[in-house]
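J.: Just dropping this structure here.
Values in this text are rule-based calculations from the coordinates and carry no lab data. Quick caveat, the model's predicted, so the values are computed rather than measured. Here the Cβ positions follow ideal geometry from the backbone for every residue, glycine too, while neighbour counts run over all protein chains shown.
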Amino acid sequence: MEDREIYELRQLCTSGGLSQDSLGSLIDANLSVPTLVRSEAAAMASAKQAGLGLADRQKLREALRKHKDEVLSAEDPKILDIGDDAEAYHIVAAQHHMAEQRAKARAQGVEEAKGIEVVKNGNICKGYRWTQELAEVTVSVDLPPGTSKRDVVCKFTTQNLTCGLRGQPMIIDGPMFAKVKVDDCMWQLQDSHKLIVTLQKLIVTSEQHIWWPCLIKGEPEIDTNQCETGASTNLMVSQGQRLSIQKIELPELKDGEKRKYSPQEAEKAWKDFFKKFPDMHAWEITFNPDKDKSMEEQLVETLEKNLAKDKGEWESSTG
């Protein structure tokens, strides 16, 4: 949104007594005042989708009705000009800053909802994430389920890092922020879908280890002032340590229809499920009667044993 649109929206919300959270939600949804005033019904639907509660939606409705004629017009919206109003610019700058903070919070919420720990001392990039301590950088690259070691490409020189799958575009391929000690670098394939790369930072002459603002030059940089010793994220474990169980969706029965599905129909539903959720794993589980344990306890115990089977082995690679 333009600065004047943000300021105009804030004026409307302030006059209507809406909360700062609601104002932020409207800004995030890119709902300017001229957009909201065109249709009350559409405005209320958009406000609800943006996350406004019932009370604030009612306040917004009253504010729009009050100002529609004197401040706004569906045919010829009044254009607000901030001009040289220093206070207005400070207000807009504050809204921009809060919008950035909300965006970060949303990104963190999405990661936490997936059971993935938020990366500290590093960043989340397309296809991979990285974290660091002063002397070491750790990278976790997402690979398709069922990947074998022979499919993996992982090469590092003093300055460059290349990671991905053989015969496909590399997920990481470029110059690192600083040099590394090649002989001390290693990689590991975990759970047949995650490549873990450990890089040892190289001290040049008398310089001390420093925090890296990015892994690969040109990617978005982090604020290294926020980095703390001992706060790096452990990317070597399954983030969140969650066991997720999904039901298989069988074709719906018609009204009043009662029948058992054939093995062919059940098998098709099973295959369709894993096309829909390619990251899920499955094991054939046999339960033995156990009076001392519930069915749920037996299920969790069996799944944990299967999850622990694939430990992976460390590899070093140069090129």
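J.: Indicate the gyration tensor shape class of segment 6-68 (rounded, prolate or oblate), computed on the Cα atoms with a ≥ b ≥ c the square roots of the eigenvalues: a/c under 1.5 is rounded; otherwise a/b larger than b/c is prolate and the rest oblate. Numbers along the way, then the final one.
T.: Working: a/c = 1.13, a/b = 1.03, b/c = 1.09.
In terms of gyration-tensor shape, rounded.
J.: To continue, here is another question. If R0 is 51 Å, what FRET efficiency do you get for N160 and E62 from their C-beta distance, rounded to 0.05?
T.: Computed FRET efficiency for N160 and E62 comes out at 0.25.
J.: So, one more: Would you mind checking K126/K179; K104/K126; K104/K201; K48/K275; K149/K217; K126/K268 for any pair whose Cα atoms are more than 24 angstrom apart?
T.: K104/K201; K48/K275; K149/K217; K126/K268
J.: Residues with beta-carbon under 11 Å from that of C227, excluding C227: net charge, scoring Lys, Arg +1 and Asp, Glu -1?
T.: Residues near C227 contribute -2 overall.
J.: Just add up the charged neighbours of M170: K/R +1, D/E -1, any other residue whose Cβ is under 15 Å from the Cβ of M170.
T.: Residues near M170 contribute -1 overall.
J.: Simple spin-label model, 7 Å along Cα-to-Cβ: D191 to H97 in nm?
T.: So the two model labels end up 3.9 nm from each other.
J.: Another question, then. Given N residues in segment 123-238, what is Rg(Cα) / (2.2 N^0.38 Å)?
T.: 1.03
J.: Report the label-to-label distance for S19 and D85 in nanometres (one decimal), using points 7 Å from each Cα along the Cα→Cβ vector.
T.: 2.6
J.: Moving on to the next point. Considering only C-alpha atoms, what is the centroid distance from segment 35-60 to segment 167-224, in Å?
T.: 47
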